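Below is one structure; the comments refer to it alone.
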Amino acid sequence: MNTEAAVAGIHNELIETPSLPSPKIGKKAPLPFHFPHHARVDEPGQRHAEVFYLQKQIHSQTPMVIVLADGQHIEGCIEWYDQRALKVRGRDKVLIYKSAIKYMYKVGENGLGA
């Protein structure tokens with residue numbers, strides 16, 4: 001087989017590509033959705049204090065009482081956390097949004113401050 005003819009045959013073929021829709025001019029992209037009660041960026045000092053406190057409680061497996069905004073109490077050890085939630089292991093494993101937490105304290109403390 002003649003390689004030049006084969007190569008020439010490939011170059012002579014028309015390859016049709018599907019047409020893409022043209023971009024809409026003047027229309028803005030939608031903004032990302034954020035929960036209305038969450039701040040976009042916390043103060044760095046507060047964030048570092050929160051991270052330090054949570055890491056300490058996770059490492060020592062401290063039994064905690066978490067009081068939610070609706071008054072419900074959840075008791076257990078914090079397994080992990082991220083920017084918006086905590087996972088607590090007690091009678092059940094529970095994922096709690098930080099926005100739902102009123103305050104938390106160690107089991108055995110009264111939770112009213114010392």
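The values are calculated or read from the model by the stated rules, or taken from the named source; none is laboratory data. Values in this document were obtained by computation on a predicted structure and should not be read as measured data. So basically every Cβ, Gly included, is an ideal-geometry build from the backbone, and we count neighbours across all protein chains shown.
Considering only residues in region 59-98 that are among the hydroxyl-bearing types (Ser, Thr, Tyr) and free of Cβ contacts under 8 Å to residues at least 40 places away in the same chain, the one that is nearest to HIS48 (Cα to Cα) turns out to be TYR81.
Yes/no matrix, rows are residues, columns are (1) exposed (fewer than 13 other Cβ atoms within 10 Å of the Cβ); (2) at pLDDT 95 or above; (3) touching a helix residue (DSSP H, G or I) at 6+ places or on another chain (Cβ under 7 Å); (4) acidic (Asp, Glu):
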residue	(1), (2), (3), (4)
PRO44	yes, no, no, no
VAL51	yes, no, no, no
PRO63	no, yes, no, no
GLY71	yes, no, no, no
ILE78	no, yes, yes, no
GLN83	yes, no, no, no
VAL88	no, yes, no, no
ARG91	yes, no, no, no
TYR97	no, yes, no, no
